[in-house]
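The block underneath contains the structure these notes are about, expressed in structure tokens.
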Amino acid sequence: MIEEQVNIHLSQVQIWKRIFLMLLFAVVITLVRWIAWIPILLQLFFILVSGEKNRHILSFGRGLAIYDYHLLLFLVFGTETLPFPFSPWAMSAELKLPDEK
């Protein structure tokens, strides 16, 4: 019985599409987390030099963090909304958690 259900689910195109997208976004989230070190180090430099945060770097860092959240939410099945570039960049900030059943 369980084996039949698994075979049925494995034959669905949607499952394979989701698996492919999850692998793709797993690579993207790794890259995003490496890229996040750029605003981290730049902001640290600005604070050491001027004593203040750079608002442009802060804005970029926040956007990157929100995008990382959207990626992770998609990977753990918390949303079916595809992350950027399949949806607008700003959409990540507007995501709502799905209702639990």
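No value in this document is a laboratory result; all are computed from the given coordinates. Keep in mind the model is a prediction, meaning the values are calculated, not measured. Neighbour counts run over all protein chains shown; Cβ positions are idealised from the backbone, glycine included.
Between helix 13-35 and the chain there is an angle of about 20 degrees, using the helix long axis and the longest principal axis of the Cα atoms. Roughly how tilted is helix 55-75, in degrees to the nearest 10 and between 0 and 90, from the longest Cα axis of the chain? For helix 55-75, the angle is close to 10 degrees.
Residues ARG55, ARG33, ranked from the fewest to the most other C-beta atoms within 10 Å, line up as ARG55, ARG33. Mean-square fluctuations from a GNM of the chain, with a 10 angstrom spring cutoff on Cα atoms, peak among LEU42, LEU75, LEU64 at LEU42.
Estimated translational diffusion coefficient (Stokes-Einstein, Kirkwood radius over Cα pairs, 25 °C, 0.890 mPa s) of the chain: 155 µm² per second. The mean sequence distance of close C-alpha pairs (under 8 Å, at least 6 residues apart), as a share of the length of the chain, puts its relative contact order at 21 percent.
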